[in-house]
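Below is one structure, written out as structure tokens; comments come after it.
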Amino acid sequence: MEVQKFSYDNSIVRAFLWATIVFGVVGFLLGLTAALMLFYPELPEFFFGTDDPTIKSLRVIGSEGIQGLINSQGAFGFGRIRMLHTSAVIFAFVGNCIFAGAYYSMQRLLKTRLFSDTLSWVHFWSWQIMIVSVVITFLMGINTSKEYAEHEWPIDILITFSWVIFGINMFGTIAKRRVRHLYVAIWFYIGTWIAVAMLHIFNNLEVPLSFTGWKSYSAYAGVKDALVQWWYGHNAVAFFLTTPILGLMYYFVPKAADRPVFSYKLSIIHFWSLIFIYIWAGPHHLQYTALPGWVQALGTGFSVMLIAPSWGGMLNGLLTLRGAWDKVRENPILKFFVVAITCYGMATFEGPILATKTLNKIGHYTDWIIGHVHLGALGWNGFIAFGMIYYLVPILWRTKLYSTKMANWHFWLGTMGIIFYAIPLYIAGFTQGLMWKQFNPDGTLIWKNWLDTVEAIIPYYYMRFLGGVLYIFGAILMVINVVATVRAGSFQKDVPAEAPALAKITKNRKSSEGYHLWLERTPLIFSILSFVALAIGGMIQIIPTLLVKENVPTITSVKPYTPLELEGRDLYIREGCNACHSQMIRPFRDEVVRFNGKNGQYSKAGEFVYDRPFLWGSKRTGPDLHRQGGKNPSSWHFKHMYNPRSTSAGSIMPRYPWLIANKLDRSLTQDKIRFMKNVYDVPYTDAEIDSANTWANDQAAKIVKDIYNEAPDIKKALEAEKARKGANFIPLEQREITALIAYLQRLGTDIKTTEAKTASN
């Protein structure tokens, strides 16, 4: 048989590898910043300026004072930093890691050069441009608020373009392979590509307000949006943070250990059962919410079943090291891989346990969830990436690793970082969840003040920050080690290789050929079956929820938002407020009493029919806001946004003074109302659309009148500002804070009744 000569392309692997390292450090720094702000909310004031003499600042108080913070326009706000951190870690760090590992391994597993060098570089640069666009837009407050999918519509299109290019390059490479059967890592790459494409397209269906702007509104509303989002959100974890990393595990662990994969049959079971079951698990993020009960039950059931394939994969990875455990003592690469696989097993056991209703009622909305996510991100994703980097850099630059000792130090710092990060958050989560639910014998809450539950977990935030510091110190050691290795080596762009040409045979299954062996040499059929396995769960869960009217009962008293409230809602989204506040009161007595008062109501599906997107949140750092309307006077909200600690001593909420200072841009207000009616059939009348600005003016005037009556000090301060600024003075009626107050005062007021009806705990 003819032996063909060709070469592997290492240059694209190098590019994605450097991007992985750079964005990894950036993502870790952003995460550390967010963790610091949870016990030091004055951090933006430290950098930009403050009017509080008790806070040290880099700016001299009196020179610019709070104006410096106002000028920042919230770019350093917690909500924006948090969503930037998650995207930096998911799409920038892990994404580039996936592409580096996939492009390196595919060439060697398929015995061919990548399908197109040009497409490889189009993929690389489009992905990096997307990341930079995310940084810019998020810092500007341009986002959709949908967790792990906060990118606005132009970036969604760019992600789609880059992913399609990757797919063409991958399937083109498979088509020109010189190896008949596809190795297990390739299976996971194929499954990943299909699943992410499906998830990304359906979750990010949105209609732009204008094709010349960045604002869009989700194609789904309320309960339907929540289901689709968490079908996407959980499966972004499943099919972007898990399945492609499993592909990397199946390639790099055997290579580093110089051992074959433990079990081929277990690999088959692992792959097919995982992709079939995982896609169903999303609703477990919505337990006890307004989501239909049958969907919640399906999410729980399949989440519990998920333990089996996940642990099958974990055991397949760990048992691959049989006969090679002596190497683990000396080889830092294997150390990273062992801990990574162990963290994968722990996280995939913890997830199903959290999905059960018994523990979900305690764990959801607490820091337990944050600990769970970071066990996977820091341990599973991070350590696989580090192990891969230490494996590839010496090979790519044809030299030895600069310092094995430094790599071992990185391992131990990273491991201690994970421990100090995750365990305190587990304790904090249990503490929060149990404190929220405790009652006195007379039926009153023991911990009435929300801040009591916040202050109880601050020490754990200190420990979590320490864990983050240890982890990033380890990453910095890696950067130093990699740079030193690169300087000592010599990079080889094109690596010569040879392999016999692939002989053509029939695509039909042979009589003695196993079904899976046949599938492995028929990539098209393999991909189609993968799509079917992936699509079944989504179809069964989502299509009935979208189409069956009874899933979202109509509540006649629920009305669309006024123009000013809609503008306020958009401001709420801009600042990322849903990162800390939920808008979903579950049918528990403690939540109804805490957030509603004696005669309150838990959240109903029909209340969210005009919410595009939904804003239920996934973490309560602050209290739930769904029944906030009328709970506090408008002047309280004004002061709270200016300085939360002036109204709530001990609050860890950052300040939002720019909302007080900024003039509200109402140039698109009428267009938004008309858009909602024409595109989504929201029942606004033509008269309401025509009078949208007058409607907003009247509501703003009412809110300002209330503020001045409730707080003469605010009126006095604004009169002084008017005298100082003259014609440049912006009336309070025209400022952003007024719109935000309008929205907050509306929340939950449509169905307030005198009778409390709650489901059993």
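The values are calculated or read from the model by the stated rules, or taken from the named source; none is laboratory data. Remember, it's a predicted structure, so these values are computed and weren't measured experimentally. Don't worry about glycine lacking a Cβ; one is built from the backbone with ideal geometry, like all the others, and counts go over all protein chains shown.
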Could you give every pair whose Cβ atoms fall below 8 Å, whose first residue belongs to region 569-595 and is farther than 30 Å from L84 by Cβ, and whose second residue is assigned to a helix (DSSP H, G or I), counting only separations of at least 6 or pairs across chains?
F588/K361; F588/K437; D590/W436; D590/K437; E591/W436; R594/W436; R594/W450
With respect to I12, determine if the residue is farther than 30 Å from I457 by Cβ, modelled with pLDDT of 95 or more, out of contact with any Asp or Glu (no Cβ under 8 Å at 6 or more places or on another chain) and hydrophobic (A, V, I, L, M, F, W, C).
no
From the list N331, N381, N316, which one is in contact with a His (Cβ under 7 Å, 6 or more places away or on another chain) and farther than 30 Å from E591 by Cα?
N316
Checking S490 against (1) touching a residue at least 40 places away in the same chain (Cβ under 8 Å); (2) closer than 24 Å to I333 by Cβ; (3) under 31 Å from the mean Cα position of the chain (by Cα); (4) surrounded by fewer than 21 Cβ atoms within 10 Å (Cβ to Cβ), which test does it fail?
(3)
Which of the following residues is under 27 Å from L547 (Cα atoms) and touching a strand residue (DSSP E or B) at 6+ places or on another chain (Cβ under 7 Å): L205, L209?
L209
Any idea which residue in region 10-56 is nearest to G468 (Cα to Cα), counting only those that are surrounded by 18 or more Cβ atoms within 10 Å (Cβ to Cβ) and acidic (D, E)?
E42
Mind listing whichever residues of region 710-738 are under 18 Å from R655 (Cβ atoms) and in contact (Cβ under 8 Å) with a residue 40 or more places away in the chain?
A711, I714, R735, E736, I737, T738
Exactly one of G363, G429, G382 is small (G, A, S), farther than 25 Å from N96 by Cβ, crowded, with 24+ Cβ neighbours inside 10 Å and out of contact with any Ser or Thr (no Cβ under 6 Å at 6 or more places or on another chain), and that residue is G363
For region 140-155, give me the residue count where each residue is surrounded by fewer than 18 Cβ atoms within 10 Å (Cβ to Cβ) and in a helix (DSSP H, G or I).
1
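Listed here are the residues, each with its yes/no results for (1) touching a residue at least 60 places away in the same chain (Cβ under 8 Å); (2) in contact with a helix residue (DSSP H, G or I) (Cβ under 7 Å, 6 or more places away or on another chain).
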residue: L445; (1), (2): yes, yes
residue: E455; (1), (2): yes, no
residue: L502; (1), (2): yes, no
residue: S512; (1), (2): no, no
In region 200-215, which residue that is without any contact (Cβ under 8 Å) to a residue 60 or more places away in the chain and in a helix (DSSP H, G or I) is farthest from the chain's Cα centre (by Cα)?
I201
Report yes if some residue within region 248-264 is under 24 Å from the mean Cα position of the chain (by Cα) and either surrounded by fewer than 24 Cβ atoms within 10 Å (Cβ to Cβ) or at pLDDT 95 or above (or both); otherwise report no.
yes
What is the residue count in region 636-651 for residues that are part of a loop (DSSP other than H, G, I, E, B) and either under 22 Å from K716 (Cβ atoms) or at pLDDT 95 or above (or both)?
1
Give the residues of region 267-312 that are over 17 Å from A533 (Cα atoms), part of a loop (DSSP other than H, G, I, E, B) and hydrophobic (A, V, I, L, M, F, W, C), sorted by residue number.
A290, L291
Looking for something closer than 24 Å to L199 by Cα, assigned to a loop (DSSP other than H, G, I, E, B) and either out of contact with any helix residue (DSSP H, G or I) (no Cβ under 8 Å at 6 or more places or on another chain) or of a type in the set (A, V, I, L, M) (or both) - is there at least one such residue anywhere in region 254-264?
no
For V532, work out the one condition from (1) part of a helix (DSSP H, G or I); (2) modelled with pLDDT of 90 or more; (3) in contact with a Leu (Cβ under 6 Å, 6 or more places away or on another chain) it doesn't fulfil.
(3)
Residue that is surrounded by the most Cβ atoms within 10 Å (Cβ to Cβ) [pool: residues in region 366-379 that are in a helix (DSSP H, G or I) and in contact with a Lys or Arg (Cβ under 8 Å, 6 or more places away or on another chain)]:
D367
